[in-house]
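**Q** This is the structure I have questions about; it appears just below.
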Amino acid sequence: MREAEPPPAMEEEKLQQLRSKVTELLLREEWRESIQAYSHFITLCQTHIPNTTHDPNHLSKLQKSVCLAFSNLAEARSRLKDFSEALRDCDEALKMESTHFKTLICKGKILLNLDRYSRALGCFKIAIQDPQANANSETLNGYLEKCKKLEFLSKSGAFDISDWVLNGFRGKSPELAEYIGAVEIKKSEISGRGLFATRNIDIGTPFLVTKAIATERVEDVISAKVLGKNSDYYGIGLWLLASFVNHSCNPNAKRLHSGDHVIVHASRDIKAGEEVTFAYFDVLLPLSKRKQMTTNWGFSCNCKRCRVEEGACCKKDMRELEIGIESGVDLGGVIYRLEEGMRRWMESRGTWRRRIPAMEAVVESVVDAVGSDERILKVFMEGVKRNGGGGGGNLVEMERAMKLGRGVYGKVMKKQAMRNLLELTGMNEQS
Ligand SMILES: [Zn+2]
């Protein structure tokens, strides 16, 4: 025994004071101060424990205090989003009391936040057996359901964001789980490493859902649809897998922001082995504008489409095309002008016809070249409207519109939700 030990009563008083102080800090939600105070409290208790071994009652009381302190420490840390440290504190508490109710709930919530659904489920399953669960059964059952649902989503990729879409992309974001579909990282011919499809992926199919890390919240999904179009969005996203996706002016994937998540889906059919690519900026722009954009982004595009257009378009054609686009042509015009810039590209792929093609054929070709684009969908829907389609109109046209809609928004909503969205797309003024 050390000599300068204060008498137990005095220590007890000190602990009591500290205990009321930390409780107050916690109630006031002063997390940083709570963390400091709880850490101090735990150290004090732990140095006190060897002195109390002669009194089993006192010892068990003290251990209970430490357990609760670790639990509260974890709570404070998780409020500050320091999840890995918070998890460690939970485990310290659980070492002392393996079924500590408050800690199990805290740990379950942290694991949910970290998208570890089955481990979170394990915590809540133990917690619900506790007598304290009766008073909280509704909340607990809510967590259990949430874990099961997210676990299913992360395995199946069967997302449904219909309600959120029908709400105009506002309000509560849908529950999304991290999901990795048929993709892998491999060496890319475009640049460094890239993301590749390991199976055929149908248009609209989501194949990657990840939490946006270090990104600003993008409230308005529409405003975020062309990443990099506005310089404000430069470098907005830093997602683990999504960040491996290279740029192409002939892209095959799009992303949709929803709450903290980003959903990546095929904007046209993707073949197994094909590299997944995004448009970092608006690829409906002509070659010279795209070159400017890539310079702004700090790379130069060497995609097939750029190479073909580079070789094919004489200066005069390009000039006319640029004037056309700069002078603010109507939406229909943009698409027909695209025909010029992409003629050779299409010919090289054998999908272009000599005569001026029908709207459907143009739409199909444009989608083939640049993936589904909201503006193209809009023009198409306006056409459908003019033909009296939409509600009960031409089934084939509507089917085509639905397919295009899936390419733009992803196959992540119910048919009726998509239908309603398309109706709106055909009516809205250009914004
Ligand atoms: Zn390119």
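All of the numbers you see were taken from the coordinates with simple rules; none came from a lab. Everything numeric here is computed off the predicted structure, so don't read it as measured data. Positions of Cβ are backbone-derived with ideal geometry, glycine not excepted, and every protein chain shown enters the neighbour counts.
**Q** Place the peptides 404-414, 75-85 in order of packing, highest mean first, counting for every residue the other Cβ atoms within 10 Å and averaging per peptide.
**A** Packing proxy ranking, top to bottom: 404-414, 75-85.
**Q** Which stretch or stretches of region 24-58 have amide N atoms under 13 Å from the point lying 7 Å from L15's Cα along the Cα→Cβ direction?
**A** 41-58
**Q** Please report, largest first and rounded to whole Å, the three semi-axes of the ellipsoid equivalent to region 1-130, where each semi-axis is the square root of five times an eigenvalue of the C-alpha gyration tensor.
**A** One finds semi-axes of 29, 17, 11 Å for region 1-130.
**Q** Using θ = phi - 60° and the Karplus relation 6.51 cos²θ - 1.76 cosθ + 1.60, list the HN-Hα couplings for region 167-182 in order, rounded to whole Hz, with x at every Gly or Pro.
**A** 8, x, 6, 10, x, 5, 5, x, 6, 10, 10, 5, 9, 10, x, 7
**Q** Neighbouring Cβ atoms within 10 Å as the yardstick, rank S365, S372, S65, S300 fewest first.
**A** Final ranking by Cβ density, sparse to dense: S300, S65, S365, S372.
**Q** Where in region 23-63 is the amide nitrogen less than 17 Å from a point lying 7 Å along the Cα-to-Cβ axis of A135?
**A** What the label zone holds, given the 17 Å backbone N cut-off, is 27.
**Q** Okay, next question. Holding the Cα-Cα limit at 23 Å, pick out from K149/K411; K186/K411; K271/K291; K107/K254; K125/K411 the pairs that are longer than that.
**A** As for pairs spanning more than 23 Å Cα to Cα, those are K186/K411; K271/K291; K107/K254; K125/K411.
**Q** Also, quick follow-up: Taking 0.36 nm per residue of separation and subtracting the Cα-Cα distance, what length does fully extending N394 through D260 add? List each step's numbers first, then the result.
**A** On the way: separation 134, 0.36 × 134 = 48.24 nm, distance 3.82 nm.
Working it through step by step, the gained length comes to 44.4 nm.
**Q** Expressed in nm to one decimal, what extension gain is obtained for the pair M402 and E145 from 0.36 nm per residue of sequence separation less their Cα-Cα distance?
**A** 89.3 nm
**Q** Sequence-distant or interchain residues sharing an amide H contact under 5 Å with T277, placed H: which?
**A** N252, A253
**Q** Using the beta-carbon distance between W297 and E30 and R0 = 60 Å, what value does 1/(1 + (r/R0)^6) give for FRET efficiency, to the nearest 0.05?
**A** Plugging the Cβ-Cβ distance into 1/(1 + (r/R0)^6) gives 0.90.
**Q** Moving on to the next point. Multiply the residue separation of H54 and R419 by 0.36 nm, subtract the distance between their alpha-carbon atoms, and state the gained length in nm to one decimal. Walk me through the numbers on the way to the answer.
**A** Details: separation 365, 0.36 × 365 = 131.40 nm, distance 7.43 nm.
Result: 124.0 nm gained on full extension.
**Q** Also, quick follow-up: Mind giving me the nanometre distance, one decimal, between the label points for R170 and H40, set 7 Å out from Cα along Cα→Cβ?
**A** Using points 7 Å along Cα→Cβ, the separation is 4.7 nm.
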